[in-house]
1. If you scan the stretch 17-68, which residues turn out to be more than 11 Å from the chain's Cα centre (by Cα), within 20 Å of residue 4 (Cβ to Cβ) and small (Gly, Ala, Ser)?
2. Within the stretch 38-48, identify whether any single residue is basic (Lys, Arg) and loosely packed, with under 11 Cβ neighbours inside 10 Å, and answer yes or no.
3. Look at residue 68 and say whether it is open to solvent by 50 Å² or more (accessible area, probe 1.4 Å) and either acidic (Asp, Glu) or free of Cβ contacts under 8 Å to residues at least 24 places away in the same chain (or both).
4. Regarding the stretch 11-27, can at least one residue be identified that is touching a Gly at 6+ places or on another chain (Cβ under 7 Å) and open to solvent by less than 50 Å² (accessible area, probe 1.4 Å)?
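The values are calculated or read from the model by the stated rules, or taken from the named source; none is laboratory data. All values derive from a computational prediction rather than experimental measurement. Here the Cβ positions follow ideal geometry from the backbone for every residue, glycine too, while neighbour counts run over all protein chains shown. When the accessible area is computed, the model is the full protein with side chains, heavy atoms only, and any ligands, DNA or RNA have been set aside. Shrake-Rupley method; radii C 1.70, N 1.55, O 1.52, S 1.80 Å.
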Amino acid sequence: MTASRTLFLRQLIRNPRQVSAIAPSSPFLARAMARQIPDPHARVVEFGPGTGALTRGILACGVPPANL
C-alpha cells in the first residue's frame, strides 16, 4: 500500500465525516481535473485535505507553485 493510501485510510478511520470520499484521488483523475483549468497562469485554489494527487496534477498542467 502506498503512503498516500495509508494516510487516506488513517484519516478516513479517524474522522469519516471530514473525508468525503471512499478512495484517494488517482493520478488519472488529477490529470483529467487539471485539464479543465482554462488558464494555467491564473491563480488556482484547491480545497480539501488531499493526499497530494490533485496538487501534483495541477502543477503538472503548468500552474506555477506560487499561483496555487
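1. 20, 21, 23, 32, 60
2. yes
3. no
4. no
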